[in-house]
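What follows is a single structure, written as structure tokens, with notes after it.
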């Protein structure tokens, strides 16, 4: 049966691309013509068939290309379509009882009326049929009391977490196959000194015309999802592509026309048998994620033996008669506490060991004939660009010189970390200590940089940032990429779900919405490029356009470099309070420049942000520009068109919680809530009271700060605030490291800076610092900071991801 979600596209028609002119003004009265059946849904099968036909025609009429291009109304709509397909896939996985040996029944007995169903399933049912009443939805209180329901939500989340971990592994296989297919030649240090080198300096500005997309080359949807996330960390994606020599692949971007045609009107991903065969032949993997083996072969870092390890140890029999199983951490490769003994040397294979082994292998590539530079040393930290020709002492390549030096026997120390019989639990801590020792030697920096002048030589701040940037590629990341893509996919999933909840794809004014957000995006990028000392935080609508642009890497690179001289990154991890504070700053600047509200939403948070921008003096004298902008928003009737439930406020998918521990075994939601910055909360509370009082004075209904709950696989979790990190994420369920926190920076601490690389002299490296230093920052959660989990190099001068 055609989906109920087809109603929106029945009135879509091509329209001119958005220009730099102001977006259409909102009016109090919404005169947008409604599609057939929009008021109550299709009344019969004939209407459903007609809408399905309209939907198909609308998708077919999107003007799309498989070659690079700037974001358009049609590419934004195609992007939304892809996000719906990803969300529907997620629901299919989470609600697949028994997948990975994880059974609903092991949560304990639950009244069927309490069990949630996929939105995909609900959307396919006809609503308000004659003689049929909808079932009464159980209350939040009733669900909260049911601990079995809470456990069921965790089982469903665990299925998705394992699926994502396996998807990242499959993406790695595709990446390796693409390298062979495109005859990629890895980067070497010699390439970095040539201005004409297409493998380095000319890599992003001279895209290759030789990679041509065909339908048979499309990957499975789970792999496409991971690739989508990788590209949404643009500096990390560029660095990984340069290191691998994959210029052809990096330059072509996402083939919108092929992807659009592969997703049907029910958001199912369908490709030809030839496409599936090509994938299997190319990668050796099954087309469907669950059909790949339930074990993975890992080479032991100590003895080089191939060891077969299980993906999970959490599977349990259905309807087990013993006590309820409630530990879903597991010790398999896709579990959070991976631990498996080598069958030959008995060393315990752990993710911490795999991370240090990754560093050692990269170190050997640097020292060996291939002379491949270390990850994190490729792009200029301030501009995010491959700078050429670099001088002999280029700051961002300092880590390469240091690791090749003889200071404190650093070369032999690092290469022997995993083989030493005196250390059975090697980790990145051992690497940090080796670097500490090298930099602690008197005149070591002077020796490494071959300074011949007399007197003391202090290591430049940019070189210290470079060391932290390099280390960020390994702290809490044992993958082959610059960041842990498994955690990144989970964070990106927050944005995907919000896009589906806003449901612009089903609005009869979808094209106008896309045109409006493209204008707003260009304004946002102007703020970001012209004020590099601040973090600009997008709203959800701006973030959709921003994401769409990043999925065409060459055009996005050219756009940002031409406007501001820097390749602007999209931050993957930002401490939640920093995110909220910078959103307030972004709102202030936008409203000063354009005389319009930035966040077109009437929730308590957005109203509080607008209220905080109005000074008490300006309010008393009636001369505040910010106050006039907010008042016009309400008086014009625009506010009435933007209820909290369906408006685009702060985009917060990179919101994380700073942590000082290396691994989170458990997080108490109450402790998390209490840990929110008290000063910021007090400021918000005061701003809310002002917004409420102002609304009453103007005769409007004041914004309500009521409790909002997020439905997580059927179980409700309190939604602390629009800027807060997801409290419903359950530590212990995820592959690798927990996706909801960033390790705070402290010299000598786990995930912290190496001695001599942190301090006031490198404050520009911190998240939110001047120029962002490309995000090699510490403590701010810029993702590329030390211990930050490798979030792709930070904000790159002011941008922070959204979602």
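The values are calculated or read from the model by the stated rules, or taken from the named source; none is laboratory data. This one's a predicted model, so the numbers in the text were calculated from it and none came from an experiment. Cβ placement follows ideal geometry from the backbone for every residue including glycine, while neighbour counts extend to all protein chains displayed.
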Do we have any residue at all in region 69-82 that's under 30 Å from residue 145 (Cβ atoms), at pLDDT 95 or above and in contact with a helix residue (DSSP H, G or I) (Cβ under 8 Å, 6 or more places away or on another chain)?
no
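Any idea which of 515, 461, 482, 510 is at pLDDT 95 or above, surrounded by fewer than 24 Cβ atoms within 10 Å (Cβ to Cβ) and in contact with a helix residue (DSSP H, G or I) (Cβ under 6 Å, 6 or more places away or on another chain)? Working first, answer last.
On the way: 461 fails: at pLDDT 95 or above; 482 fails: surrounded by fewer than 24 Cβ atoms within 10 Å (Cβ to Cβ); 510 fails: at pLDDT 95 or above.
From the options 515, 461, 482, 510, the qualifying one is 515.
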Considering (1) surrounded by 18 or more Cβ atoms within 10 Å (Cβ to Cβ); (2) at positive phi, say which one residue 371 fails and leave the rest.
(1)
Selection within region 421-431 - in a loop (DSSP other than H, G, I, E, B) and in contact with a helix residue (DSSP H, G or I) (Cβ under 9 Å, 6 or more places away or on another chain):
423, 425, 426, 427
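Among the residues of region 142-165, write down those that are touching a strand residue (DSSP E or B) at 6+ places or on another chain (Cβ under 9 Å) and part of a helix (DSSP H, G or I). Reasoning before the result, please.
Initially, region 142-165 is screened for residues touching a strand residue (DSSP E or B) at 6+ places or on another chain (Cβ under 9 Å), giving 143-144, 146, 149-154, 156-157.
If the condition is that a residue be touching a strand residue (DSSP E or B) at 6+ places or on another chain (Cβ under 9 Å) and part of a helix (DSSP H, G or I), then 143, 144, 149, 150, 151, 152, 153, 154, 156, 157 are the ones that fit.
Determine whether residue 271 is out of contact with any helix residue (DSSP H, G or I) (no Cβ under 7 Å at 6 or more places or on another chain), in contact (Cβ under 8 Å) with a residue 40 or more places away in the chain and not in a helix (DSSP H, G or I).
Working: out of contact with any helix residue (DSSP H, G or I) (no Cβ under 7 Å at 6 or more places or on another chain): no; in contact (Cβ under 8 Å) with a residue 40 or more places away in the chain: yes; not in a helix (DSSP H, G or I): yes.
Criteria not met by residue 271.
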Among the numbered criteria (1) within 28 Å of residue 246 (Cα to Cα); (2) crowded, with 24+ Cβ neighbours inside 10 Å, which single criterion is violated by residue 558?
(2)
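Conditions (1) over 20 Å from the mean Cα position of the chain (by Cα); (2) in contact (Cβ under 8 Å) with a residue 40 or more places away in the chain; (3) closer than 21 Å to residue 220 by Cβ, marked per residue:
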{"position": "160", "(1), (2), (3)": "no, yes, yes"}
{"position": "170", "(1), (2), (3)": "no, yes, yes"}
{"position": "177", "(1), (2), (3)": "yes, yes, yes"}
{"position": "182", "(1), (2), (3)": "yes, yes, yes"}
{"position": "189", "(1), (2), (3)": "yes, yes, no"}
{"position": "192", "(1), (2), (3)": "yes, yes, no"}
{"position": "196", "(1), (2), (3)": "yes, no, no"}
If residue 409 satisfies every condition in (1) in a helix (DSSP H, G or I); (2) within 18 Å of residue 474 (Cβ to Cβ) but one, which is the exception?
(2)
Go through region 478-504 and give me each residue that's part of a helix (DSSP H, G or I) and farther than 30 Å from residue 735 by Cβ.
504
So residue 494 passes all but one of these: (1) touching a helix residue (DSSP H, G or I) at 6+ places or on another chain (Cβ under 9 Å); (2) within 30 Å of residue 163 (Cα to Cα). Which condition number does it fail?
(1)
Only one residue in 548, 529, 578 is within 28 Å of residue 252 (Cβ to Cβ) and at pLDDT below 95, so which one is that?
529
Which numbered condition residue 446 misses (of (1) touching a residue at least 24 places away in the same chain (Cβ under 8 Å); (2) surrounded by fewer than 20 Cβ atoms within 10 Å (Cβ to Cβ); (3) within 22 Å of residue 399 (Cβ to Cβ)):
(1)
Hits in region 465-477 (condition: touching a helix residue (DSSP H, G or I) at 6+ places or on another chain (Cβ under 6 Å) and part of a helix (DSSP H, G or I)):
465, 466, 467, 470
Residue, farthest from residue 522 (Cα to Cα), within region 598-611, restricted to residues that are part of a helix (DSSP H, G or I) and under 25 Å from the mean Cα position of the chain (by Cα):
605
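Of all residues being assigned to a loop (DSSP other than H, G, I, E, B) and crowded, with 16+ Cβ neighbours inside 10 Å in region 346-362, which is farthest from the chain's Cα centre (by Cα)? Just the residue, please.
First, the residues of region 346-362 that are assigned to a loop (DSSP other than H, G, I, E, B): 346-347, 350.
Then drop every residue that is not crowded, with 16+ Cβ neighbours inside 10 Å, which leaves 347, 350.
On the way: 347: 34, 350: 25 Å.
Across region 346-362, the extreme among qualifying residues is 347.
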Look at region 574-597 and say how many of its residues are surrounded by fewer than 22 Cβ atoms within 10 Å (Cβ to Cβ) and part of a loop (DSSP other than H, G, I, E, B).
2
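Among the listed residues 302, 285, identify the single one that is in contact (Cβ under 8 Å) with a residue 60 or more places away in the chain, in a loop (DSSP other than H, G, I, E, B), closer than 30 Å to residue 418 by Cα and out of contact with any strand residue (DSSP E or B) (no Cβ under 7 Å at 6 or more places or on another chain).
Numbers: 285 fails: closer than 30 Å to residue 418 by Cα.
Of the residues listed, the single one that is in contact (Cβ under 8 Å) with a residue 60 or more places away in the chain, in a loop (DSSP other than H, G, I, E, B), closer than 30 Å to residue 418 by Cα and out of contact with any strand residue (DSSP E or B) (no Cβ under 7 Å at 6 or more places or on another chain) is 302.
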Out of all the residues in region 322-330, is one or more closer than 22 Å to residue 164 by Cβ, in contact (Cβ under 8 Å) with a residue 60 or more places away in the chain and buried (at least 21 other Cβ atoms within 10 Å of the Cβ)?
yes
Which residue out of 399, 373, 381 is farther than 18 Å from residue 199 by Cβ, touching a residue at least 60 places away in the same chain (Cβ under 8 Å), in contact with a helix residue (DSSP H, G or I) (Cβ under 7 Å, 6 or more places away or on another chain) and in a loop (DSSP other than H, G, I, E, B)?
381
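Which of the following residues is crowded, with 23+ Cβ neighbours inside 10 Å and out of contact with any helix residue (DSSP H, G or I) (no Cβ under 7 Å at 6 or more places or on another chain): 242, 252? Talk me through it step by step, then tell me what you get.
Working: 252 fails: crowded, with 23+ Cβ neighbours inside 10 Å.
Answer to the check: 242.
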